[in-house]
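Below: the structure, in structure tokens.
The values are calculated or read from the model by the stated rules, or taken from the named source; none is laboratory data. Only a predicted model underlies this, so the values are computations on that prediction, with no experimental measurement involved. Note that each Cβ is placed from the backbone with ideal geometry, even for glycine, and that neighbours are counted across all protein chains shown. Remember, those area values only see protein heavy atoms, side chains included, never the ligands or the DNA or RNA. Shrake-Rupley method; radii C 1.70, N 1.55, O 1.52, S 1.80 Å.
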Amino acid sequence: METAANSKFGCVVSGSTSYVSQQGSVYAPGISKETVGSQVLFLGMVTIPAEGRTKAHIHAHHESAFYMLSGDEVELWTGEALEHKEVAHPGDYLFIPAGIAHIAVNRSNTPAVFVGVRNEPTAQESVVMHPELDARVP
């Protein structure tokens with residue numbers, strides 16, 4: 001595989017096999033360390049299944065951003081005690097700074113699909129789970 005570190009050209013990537021992350025969303029990597037040798041960037045599709053939710057977690061060292069492509073709405077709960085709630089709809093962008101606890105909840109019977117990007121290139125990013133916060137979000 002030609003990687004970003006030794007490539008003289010850009011490339012077209014068909015995507016990679018999806019997987020369920022430890023936080024509970026389904027990731028389908030497009031650009032990552034594993035697919036193209038990216039040094040600082042991950043870009044892929046992220047799905048929260050119908051009536052699904054992520055588990056409470058933080059990304060200690062990287063920022064994450066998402067663009068909601070489809071679905072009904074998703075609740076984004078953030079903060080030390082997950083006390084702040086905002087609701088995203090298709091066409092909205094979400095931003096999660098490094099070190100901020102969060103949970104995303106999809107209460108509809110339609111999967112919510114996002115384009116996701118972060119400044120951490122690996123498909124299995126360094127995530128810190130916070131199970132003690134899970135019950136704070138109904």
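Summary of computed values
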{"quantity": "Residue within region 116-128 that is open to solvent by 80 Å² or more (accessible area, probe 1.4 Å), hydroxyl-bearing (Ser, Thr, Tyr) and in contact with a strand residue (DSSP E or B) (Cβ under 8 Å, 6 or more places away or on another chain) present", "calculated": "no"}
{"quantity": "Scope region 56-75; condition part of a loop (DSSP other than H, G, I, E, B), in contact with a Pro (Cβ under 7 Å, 6 or more places away or on another chain) and closer than 17 Å to HIS102 by Cβ; matching residues", "calculated": "ALA56, GLU63"}
{"quantity": "Those residues of region 31-51 which are free of Cβ contacts under 8 Å to residues at least 60 places away in the same chain and surrounded by fewer than 19 Cβ atoms within 10 Å (Cβ to Cβ), in sequence order", "calculated": "GLY37, GLU51"}
{"quantity": "Top-ranked residue of region 100-109 - restricted to ones that are under 22 Å from GLU51 (Cβ atoms) and among the β-branched types (Val, Ile, Thr), ranked as surrounded by the most Cβ atoms within 10 Å (Cβ to Cβ)", "calculated": "ILE103"}
{"quantity": "Residue count, region 66-75 (criterion: loosely packed, with under 15 Cβ neighbours inside 10 Å and under 23 Å from PRO121 (Cα atoms))", "calculated": "1"}
{"quantity": "Among residues of region 66-120, those that are of a type in the set (A, V, I, L, M), touching a Gly at 6+ places or on another chain (Cβ under 7 Å) and free of Cβ contacts under 8 Å to residues at least 60 places away in the same chain, counted", "calculated": "2"}
{"quantity": "Residues (open to solvent by 20 Å² or more (accessible area, probe 1.4 Å) and touching a His at 6+ places or on another chain (Cβ under 6 Å)) located in region 87-99", "calculated": "ALA98"}
{"quantity": "Residue within region 76-86 that is open to solvent by less than 40 Å² (accessible area, probe 1.4 Å), closer than 25 Å to THR17 by Cα and more than 12 Å from the chain's Cα centre (by Cα) present", "calculated": "no"}
{"quantity": "Condition check for PHE9: surrounded by fewer than 20 Cβ atoms within 10 Å (Cβ to Cβ), at pLDDT 95 or above and not in a helix (DSSP H, G or I)", "calculated": "no"}
